[in-house]
Amino acid sequence: MIAPPSSPVSTPVSPAAVLLTIDGMPVSVPTGTSIMQAARTVGVDIAKLCATDSLKAFGSCRLCIVQVDGRRGLPASCTTPVEPGMVVRTQTPQVARVRRNVMELYISDHPLDCLTCAANGDCELQDMAGAVGLREVRYGMDGANHLVAEKDESNPYFTFDPAKCIVCSRCVRACDEIQGTFALSITDRGFASKVSAGMDEGFLASECVSCGACVQACPTATLIEKTVVDAGQPDRTVKTTCAYCGVGCSFEAQLKGNEVVRMVPAADGGANEGHSCVKGRFAWGYATHTDRVLAPLVREQIGDPWREVSWDEAIGFAARRFMDIQHRHGREAIGGVSSSRCTNEEVYVVQKMIRAAFGNNNIDTCARVCHSPTGYGLKQTFGTAAGTQDFKSVEHADVIVVIGANPTDAHPVFGARMKRRLRQGAKLIVIDPRRIDLVRSPHIRAAHHLQLRPGTNVAVVNALAHVIVTEGLVNETFVASRCDARSYEQWKAFIVQPEQSPEATEPHTGVPADELRAAARLYATGGNAAIYYGLGVTEHSQGSTMVLGIANLAMAAGQIGRDGTGVNPLRGQNNVQGSCDMGSFPHELPGYRHISDDATRARFEDAWQVALDPEPGLRIPNMLALALAGQFRGMFIQGEDLAQSDPNTHHVTAALSAMECVVVQDLFLNETAKYAHVFLPGTAFLEKDGTFTNAERRINRVRRAMPPRTGMDEWEAVCRLATAMGYPMQYDSAAAIMDEIAALTPTFAGVSFAHLDRVGSVQWPCTPDAPVGTRIMHEEQFVRGRGRFLLTRYVPTDERSTRKFPLLLTTGRILSQYNVGTETRRTPNAVWHPEDVLEIHPHDAEVRGIGDGDGVLLSSRKGTITLHARVSDRLPEGVVYTTFHHPENAANVVTTEFSDWATNCPEYKVTAVEVHPVD
Ligand code: SF4
Ligand code: SF4
Ligand code: SF4
Ligand code: FES
């Protein structure tokens, strides 16, 4: 569990030793340790109810009282710090009597339904009643009590039964300290005290984000998962990794037979340390949803009905079609896309199939449409295509810069960790056109919100660097010792040009020069400063330039290479880092080594026993364009809904329709499957065995909690397809695939399932020299040797607002839904976000006659969609915003073909649009 900043129950605050005696045993603990904690070091567990390791001590239940020689009264051991020479007795007749009395009072106002209670066997109140030896309750239940208090069943995932509440405040403190949402409070006093969500409006209507931290903290059945109420207590546990976002939270899947009863975030999970969000903890029901397709399907033409067939028939059908296409149109006429939702092992075999069995490098991945500029930019400047820190590093940051990211919605567990650091006093700079929640949330106010116009990122980052250089704030020592001098001098000459100044760029960016100057000074001089960025950086025509600009900024200020600093892309999908690591780009083999490098290629040719094409293959946009030109005719699509997630939907679907063989491997018949000829059913994360790599480069085990309902692992289906096409591919297990990855990929050299099972997780590089991985990159020197500055000239996007399309549309995500919603739409999460809506500034709405909740037509030069409007001042005038979670709303119908100059990452974040009211 995430440790609070100064909990007397948990982390001792000072190394200085204090000697005392507890129950006759000598104890030596650091100053600041509580008596309860000290007792635990000698094996004495003191009875407690309101204390728990994950929260600051509170001292309300009085169950943990002890006797201290020479001191009057019975102090609470959870809140009393040790003192030198103290003599503590945890069990005396007086202590035992008072504890029993306390417990008796609790039980006298508690339903005596233990045998039928959902928490039976997993209830701390029950345990403590036993521990203190309570045998009878002298007070009847006829007096005033809370036993008939009404349940709150409004949350779809958990129930709140106030009749069972002991008002210990653990839920309130969990919401405050761990999640940072401050949704709960104890209202009223004395006997009337009760837990209230929001303004006593129930959990669903309150600001609760359903993270479940309160449910986990509750020592009784007051807050409990509805699945536990329905299914009863679990009987086995499998440790695995969440399959939603790039935070990569570790969970214990608790099961009864093959049915998941609940997901509990793992306290020792490197990424989450016991916390979770609504998706990971609760939204796993899609894995067994009745919409899942469990048997392979084929059809001759995309207009035909699907035919359910055997695995052999489906694989034979796909292999024959692919080979026939290659026979008639050449080896390059087919290719594939790997999935960032799948395991490293599953992705590895797909890229291997394409290079070895298809005989070309036409492999790409959905990172093309999200973080490909990160790969390019960070490799160019630092030498490696990945974030520099672990998540924990933010706890050492004095200044946190969030650029084009919305961590509390898109990376919620990291967002909660970041908020905790901000509440401790770190300063926040947000660079975003939209006022994300972090700008103003309970106990947090951003020091600077640079509310730039969409598409002007590079001008802003240049202006920040301009201030740092021209005001003499460069960390000259760092630059001289760590960076390439020639590139720095060239960059410096560029960045000091007057046109890069905040004053010169303000008319384009809309960011007041004074505010920008103040933010630059804070970043350079405010102590450790860390940058976290998201797709608001990369999904632009200058996405790669912006990544270079961020890297330049961090090097100039010396904000990299140590705890609390760094450049950190918040990767979207659970395994987007891994799918890139595994060689999913058309120019790179696993480990980011160029396909044209003879030595690398020879290594793979030797291992795979096949000649590899030295020429880079096609990217997704090239494949689609060539499909429309009739030259690209077959595609294997692993777990990626191109028809919904890629820009300019009409173009994508026309290209898919033009192909002769589209094979989709997925859980559901998604939008892309409408254009498929073969559907190979995939496995849900609870059925997989393998690894995911999160945004911190952390390789986490994904363990099989239930057998694949399809009867086949995804990697095995891919191996069979490769074999049917004439390239034999066979593995005994996912572990054997990882062994091959490790043998061929230097940064994974020390990774194996056995090693991960031993140490928990590792951040690559994991090598014989760094067997437990690498928390922070570039500490002594950059991976490329010296950090390289690159020039980042601001070039406005060709997508401009015009008279016809005067507004700029930008897009993003919300907490309860995930990406194109394939999974979350099939869970009760739909209650929070049943449709995508268009946020529009009050002025823009008023001049168009649009009211809150009205239907609107959103048009760009690419297409038109309908949405409901939400009038909101989160955006500046001239900018509108929507999410892209629902196929019915089809946000990507309006996005354009513009893309990043270096990587073709689509420019999702800037589309010129007009909005009209509609009935
Ligand atoms: S579920 Fe999370 S946000 Fe909601 S009340 Fe509980 S701790 Fe707070
Ligand atoms: S709901 Fe649970 S955690 Fe919250 S005060 Fe009641 S008993 Fe304690
Ligand atoms: S933060 Fe991401 S990885 Fe963690 S539980 Fe939520 S969705 Fe899963
Ligand atoms: S556990 Fe110490 S007062 Fe409750």
FRET efficiency estimate (nearest 0.05) - Cβ-Cβ, residue 802 to residue 848, R0 22 angstrom: 0.85
Prolate/oblate/rounded call for segment 632-721, Cα gyration tensor, a/c under 1.5 rounded: prolate
Tensor-based shape of segment 707-801 (alpha-carbon gyration tensor, a/c under 1.5 rounded, otherwise prolate or oblate): oblate
Pair residue 770, residue 784: separation of 7 Å Cα→Cβ label points (nm): 1.7
³J(HN,Hα) computed for each position of segment 214-228 - Karplus, 6.51 cos²θ - 1.76 cosθ + 1.60, integer Hz, glycine/proline x: 5, 5, 5, 7, 5, x, 10, 8, 4, 10, 8, 5, 5, 5, 6
Phi-based couplings in Hz for segment 620-636 (Karplus 6.51, -1.76, 1.60; Gly and Pro marked x): 3, x, 5, 4, 5, 5, 6, 5, 5, 8, x, 9, 10, 10, x, 9, 9
Surface per residue (accessible, 1.4 Å probe) for the chain, Å²: 35
Sequence-separation-based contact order of the chain, relative, with Cα cut under 8 Å and 6+ spacing, percent: 13
Segment residue 230-residue 290, extension gain: residue separation times 0.36 nm, minus the distance between their alpha carbons: 19.7 nm
Selection from 724, 645, 31 lying farthest towards where the dipole of the chain points positive, charges on Cβ: 31
Rounded to 5, percent antiparallel among DSSP beta bridges of the chain: 60
Accessible area of the chain belonging to carbon and sulfur atoms, whole % at 1.4 Å probe: 51
Rounded if a/c under 1.5, otherwise prolate or oblate - segment 285-382, Cα gyration tensor axes: oblate
Cross-link reach list, lysines versus residue 492, counting only Cα pairs under 28 Å and skipping chain neighbours closer than eight places: 379, 427
Local electrostatic count at residue 745 - Lys and Arg +1, Asp and Glu -1, tallied over other residues with Cβ under 12 Å: -2
At R0 = 22 Å, FRET efficiency that the Cβ-Cβ distance of residue 113 and residue 194 yields, to 0.05: 0.65
Backbone HN-Hα couplings from phi across segment 772-781 [Karplus 6.51/-1.76/1.60, Hz, Gly and Pro as x]: 9, x, 9, 5, 10, 8, 6, 6, 8, 8
Crossing angle, helix 485-495 versus the chain [Cα axis fit, 0-90 degrees, rounded to tens]: 90
Among 540, 90, 319 the positive-end extreme of the charge dipole of the chain (Cβ point charges): 90
At R0 = 30 Å, FRET efficiency that the Cβ-Cβ distance of residue 23 and residue 185 yields, to 0.05: 0.20
Heavy-atom accessible area order for 392, 804, largest first, 1.4 Å probe: 804, 392
For residue 206, net neighbour charge (Lys/Arg +1, Asp/Glu -1) across residues whose Cβ lies under 13 Å away: -4
Total charge dipole magnitude, segment 504-586, about the Cα centre, Cβ charges on Lys, Arg, Asp, Glu only, Debye to nearest 20: 160
Shape box of segment 795-914 [Cα atoms, principal axes, largest first, Å]: 43, 39, 23
Principal semi-axes in Å for the chain [√(5λ), Cα gyration tensor, largest first]: 47, 33, 29
Protein-only accessible surface order, largest first, of 161, 304, 268 at 1.4 Å: 268, 304, 161
For segment 457-569, average projected area of the Cα convex hull in nm²: 6.7
Residue 492 paired with residue 861, simple spin-label distance in nm, labels 7 Å along Cα-to-beta-carbon: 4.3
Neighbour net charge for residue 122 - beta-carbon separation under 12 angstrom, K R +1, D E -1: -3
Long-range HN-HN contacts of residue 55 with modeled amide H, under 5 Å: none
Candidate aspartates and glutamates for bridging to residue 151, where Cα separation is under 14 Å - those fewer than 8 sequence places away on the same chain excluded: 161, 200, 201, 225
Dipole moment magnitude, nearest 20 debye, the chain about Cα centre, only Lys, Arg, Asp, Glu C-beta charged: 1620
Distance in nm between pseudo-label sites at residue 596 and residue 238 (7 Å out along the Cβ direction from Cα): 4.5
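The values are calculated or read from the model by the stated rules, or taken from the named source; none is laboratory data. On a predicted model such as this, the values are computed, not experimentally measured, just so you know. Here the Cβ is made from the backbone with ideal geometry for all residues, glycine too, and neighbour counts use every protein chain on show. Surface accessibility is based on the protein's heavy atoms, side chains included, excluding ligands, DNA and RNA. Shrake-Rupley method; radii C 1.70, N 1.55, O 1.52, S 1.80 Å.
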